[in-house]
């Protein structure tokens with residue numbers, strides 16, 4: 001009997017610790033223990049529950065993995081309906097909404113809460129006597145599906161709440177899938193030959209509505225709670241429930257619920273529009289999809305006075321972002337030839353407006369991607385535009401096929417030069433084998449002068465094309481032989497413009513060795529790999545003469561990259577280009593320094609916002625040259641956040657975690673040798 005009592009006590013301690021650390025990790029994003037320590041706690045709890053099955057309860061953290069499949073979803077009646085929202089699409093419509101509700105409560109001051117409108121699945125969670133008892137979909141607003149077992153698998157949903165909470169209450173939230181989680185899920189489905197989800201919302205909804213909760217448990221779902229549905233036994237200690245939505249969300253946060261850190265309390269409708277404008281521009285920086293903002297009257301008393309009209313509450317509206325997806329017809333598939341000879345298919349579309357921009361072309365990535373998505377010429381397709389990124393075809397709308405659609409077939413010869421095509425084993429791209437293919441030279445030149453490579457300002461696409469057309473450049477090294485008169489003979493090129501280009505070419509001679517290696521366009525050698533090669537070999541000559549064994553000795557360099565480097569330097573034409581660069585004065589060596597000797601060694605930087613003094617690519621290169629590393633996303637390993645103009649949500653996260661934040665002036669001083 002003593003054993004079972006000890007086990008019962010220890011099980012309680014473990015559950016309390018695990019729930020605490022789940023909250024720190026999944027809700028606060030501020031863990032206190034390592035993954036290994038967390039796993040040890042879970043392993044001990046599982047062992048004790050296996051030895052004493054009578055101690056297992058539905059609220060145990062071990063039960064989040066999902067129970068056995070259920071035959072069908074039950075129906076849940078919502079005591080308080082989950083109403084839909086009215087929509088506005090412009091500032092004028094927002095002001096008209098504000099005027100309507102102001103006229104209903106004349107003379108009353110109103111403040112508002114603004115929230116990002118997640119594109120996920122709305123759910124209602126009911127807690128009774130401190131435990132999660134029911135989880136349901138919104139359904140038609142009055143009746144939803146019982147998906148309690150599935151929602152229990154989402155680790156950011158608390159299974160229990162602290163003492164002092166209402167005896168019975170309901171919270172409402174949006175279950176969502178992050179962008180990275182969505183990409184990972186679709187990649188796995190593609191590998192298994194399953195149809196792809198069109199967007200994160202469909203993926204989240206499909207994940208939550210699985211008859212087998214174990215499937216749901218494997219998917220990286222998350223939730224933000226956005227309102228209190230109702231509460232019975234409303235006393236919270238000695239006081240009543242808060243009188244406003246903002247205070248209520250703070251209270252729910254104290255109970256352990258995950259509340260969006262992007263929520264804002266504003267005093268005027270003009271501030272709500274500013275909130276909208278900010279996130280309309282920055283939504284691509286969010287880790288989730290958002291299709292607008294929700295504006296709510298803060299006071300519950302005013303909410304009750306304003307009431308509802310039809311199925312919509314008068315006291316709230318959704319201010320929608322411009323669409324980022326649309327459907328249109330795929331008229332044909334064209335092909336571009338890249339700088340490495342790769343044949344890159346692209347979609348020719350019936351013009352369609354996406355996010356306020358008319359789209360006529362979209363990316364298709366490669367032949368295998370077209371096959372995997374089963375995209376056919378003549379299909380109605382879903383087109384997506386994300387920020388300034390090239391639009392892409394997401395998926396076909398199979399239900400709209402007529403039978404007249406045609407499969408895409410890669411051509412037998414290069415569409416630019418007629419050269420022979422090959423598809424190397426294990427690769428997805430078909431390539432042109434003609435090293436003199438004009439398309440490859442144009443793309444290589446554009447790459448060579450780009451910001452992340454030699455950063456030759458003023459040599460854009462039009463000038464590159466003109467230089468090739470006039471025969472002034474036959475390889476990238478010829479840039480360094482250009483004279484002022486050569487450039488002034490070109491259309492729309494004056495004396496000042498010509499001199500600016502020549503000055504930019506001259507400045508590029510001092511680019512670091514890593515940038516020169518990257519600029520050469522060696523297949524499989526990206527910017528990071530070029531950094532490794534430059535640090536290891538410290539000169540272009542040593543790299544050019546390296547053996548397979550010497551290349552493989554460089555960290556992260558595998559057989560494929562090594563063979564690509566060897567093949568590049570075997571070509572006599574490529575060796576001639578290196579010699580011409582050397583004679584032109586391009587720096588092909590760098591000083592060897594131990595990593596620990598560099599001033600930024602051991603520091604990881606993330607950049608957010610717009611830098612005024614130098615391009616982001618240059619800033620990242622300078623950090624790496626000084627021994628630091630650059631992260632693409634903000635993590636706990638980030639030591640410094642560089643915040644330029646109009647920084648995104650990363651700045652808020654940095655402040656929350658106490659990470660060092662540098663403005664642009666401080667960052668520039670650091671690069672000049674300061675010790676921030």
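Tell me the label only: which of (i) 285; (ii) 201; (iii) 224 is volume of the Cα convex hull per residue in Å³ as calculated from this structure?
(iii)
Calculate for the chain the 222 nm mean residue ellipticity that helices alone would give, adding -39,500 (n - 2.57) per DSSP H run of length 4 or more and normalising by residue count, nearest 500 deg cm²/dmol.
-10500 deg cm²/dmol
Based on the Cα atoms of the range 534-676, what semi-axes does the equivalent ellipsoid have, where each is the square root of 5 times one gyration tensor eigenvalue, given in whole Å with the largest first?
Taking √(5λ) for each eigenvalue gives 35, 17, 14 Å, largest first.
Hey, could you pull the Cα Rg and Dmax for the range 513-584, both in Å?
11.1, 33
Bins of 10 Å, beginning at zero and ending with the bin holding the largest distance: percent of Cα pairs per bin for the range 216-293, please.
14, 37, 32, 15, 2
For the range 418-478, what's the radius of gyration and Dmax over Cα atoms, in angstrom?
Just the Cα atoms of the range 418-478 yield Rg and Dmax of 13.6, 39 Å.
Would you mind ranking 156, 450, 632 by Cβ crowding within 10 Å, fewest neighbours first?
Lowest count first: 632, 450, 156.
Once fully extended, how much extra length lies between residue 215 and residue 13, figured as 0.36 nm per residue of separation less the alpha-carbon to alpha-carbon distance?
69.8 nm
Relative to the longest principal axis of the chain, what angle (0 to 90°, nearest 10) does the C-alpha long axis of helix 559-570 take?
Relative to the chain, helix 559-570 is tipped by roughly 20 degrees.
For the range 473-624, count all C-alpha to C-alpha pairs, find those more than 24 Å apart, and express that count as a whole percent of the total.
Value for the range 473-624: 44 percent of Cα pairs lie more than 24 Å apart.
Just how many % of Cα pairs in the range 86-320 lie over 31 Å apart, if you round to the nearest whole percent?
Cα-Cα pairs in the range 86-320 separated by more than 31 Å: 26 percent.
Please work out the FRET efficiency for the pair residue 462 and residue 601, using the Cβ-Cβ distance as r and a Förster radius of 41 Å; give the result to the nearest 0.05.
Efficiency at R0 = 41 Å is approximately 0.45.
Taking just the alpha-carbon atoms of the range 438-508, what radius of gyration and Dmax come out, in angstrom?
According to the Cα coordinates of the range 438-508, Rg and Dmax are 10.9, 30 Å.
Between the range 149-183 and the range 100-138, what is the C-alpha centre distance in whole Å?
If we compute the Cα centre of each part, the gap is 15 Å.
Find the centroid of the Cα atoms in the range 542-580 and in the range 503-523, then give the distance between the two in whole Å.
Centre-to-centre (Cα) distance: 17 Å.
Expressed as a whole percent, how much of the Cα-Cα distance distribution for the range 360-475 exceeds 26 Å?
41 percent
For the pair residue 277 and residue 672, how long in nm is the line joining their label points, each one 7 Å along Cα→Cβ?
Each label point lies 7 Å from its Cα, and together they span 3.4 nm.
Can you work out the FRET efficiency for the pair residue 410 and residue 357, with r the C-beta to C-beta distance and R0 = 22 Å, to the nearest 0.05?
Result of the calculation: an efficiency of 0.15.
So how do 95, 255, 581 line up by other beta-carbon neighbours within 10 Å, fewest first?
Taking fewest neighbouring Cβ atoms as first place, the list is 95, 255, 581.
So how many Å³ per residue does the convex hull of the Cα atoms of the range 325-422 work out to?
Spread over its residues, the Cα hull of the range 325-422 gives 104 Å³ apiece.
Label-point separation (nm) for residue 192 and residue 350, each offset 7 Å from Cα along Cα-to-Cβ?
Using points 7 Å along Cα→Cβ, the separation is 3.5 nm.
Equivalent ellipsoid semi-axes for the range 82-216, as square roots of 5 times the alpha carbon gyration tensor eigenvalues: give them largest first, rounded to whole Å.
The three semi-axes for the range 82-216 are 33, 24, 12 Å.
DSSP beta bridges in the range 595-671, what fraction antiparallel, as a percent rounded to 5?
Among the beta bridges of the range 595-671, antiparallel pairing accounts for roughly 10 percent.
How many angstrom separate the Cα center of the range 188-226 from the Cα center of the range 452-481?
So the separation of the two Cα centres works out to 48 Å.
Once you sort the root eigenvalues of the Cα gyration tensor of the range 595-671 as a ≥ b ≥ c, which label holds: rounded (a/c under 1.5), prolate (a/b larger than b/c) or oblate (the other case)?
In terms of gyration-tensor shape, oblate.
Taking the DSSP beta bridges in the range 86-320 as the whole, what percent of them are antiparallel, to the nearest 5?
DSSP beta bridges in the range 86-320 are roughly 90 percent antiparallel.
Under a crude label model (7 Å from the Cα following the beta-carbon direction), how far is residue 589 from residue 497 in nanometres?
For the pair residue 589/residue 497, the computed spacing is 4.0 nm.
Where does helix 91-104 land angle-wise versus the long Cα axis of the chain, in degrees 0 to 90, nearest 10?
Computed tilt is about 10 degrees.
Which ordering of 565, 223, 410, 578 is given by a fewest-first count of other beta-carbon atoms within 10 Å?
410, 578, 565, 223
What FRET efficiency would be calculated for the residue pair residue 44, residue 247, taking the C-beta separation as r and a Förster radius of 41 Å, to the nearest 0.05?
FRET efficiency, residue 44 to residue 247: 0.55.
Compute the acute angle (0 to 90°) between the alpha-carbon long axis of helix 179-191 and the principal axis of greatest extent of the alpha-carbon atoms of the chain; round to the nearest 10°.
The two axes meet at around 80 degrees.
Suppose the chain between residue 180 and residue 365 were pulled fully straight at 0.36 nm per residue; how much longer would it get relative to their current alpha carbon spacing?
Residue separation times 0.36 nm, minus the Cα-Cα distance, leaves 64.8 nm.
Normalising by the residue count of the chain, find the relative contact order in percent from Cα pairs under 8 Å and 6+ residues apart.
9 percent
On full extension of the chain, what length is gained from residue 129 through residue 582, given 0.36 nm per residue of separation minus the C-alpha to C-alpha distance?
Full extension from residue 129 to residue 582 adds 155.3 nm.
Using packing as a proxy for protection, rank 145-153, 533-541 so that the peptide with the highest average count of other Cβ atoms within 10 Å comes first.
Taking the mean over residues of other Cβ atoms within 10 Å, the ranking is 145-153, 533-541.
Rg to Rh ratio, the range 136-194, alpha-carbon atoms and Kirkwood radius?
Radius of gyration over Kirkwood radius for the range 136-194 works out to 1.09.
Read the figures in this text as sums done on the coordinates, not as results from a lab. Every value quoted in this text rests on a predicted model; they were computed, and no experiment measured them. Don't worry about glycine lacking a Cβ; one is built from the backbone with ideal geometry, like all the others, and counts go over all protein chains shown.
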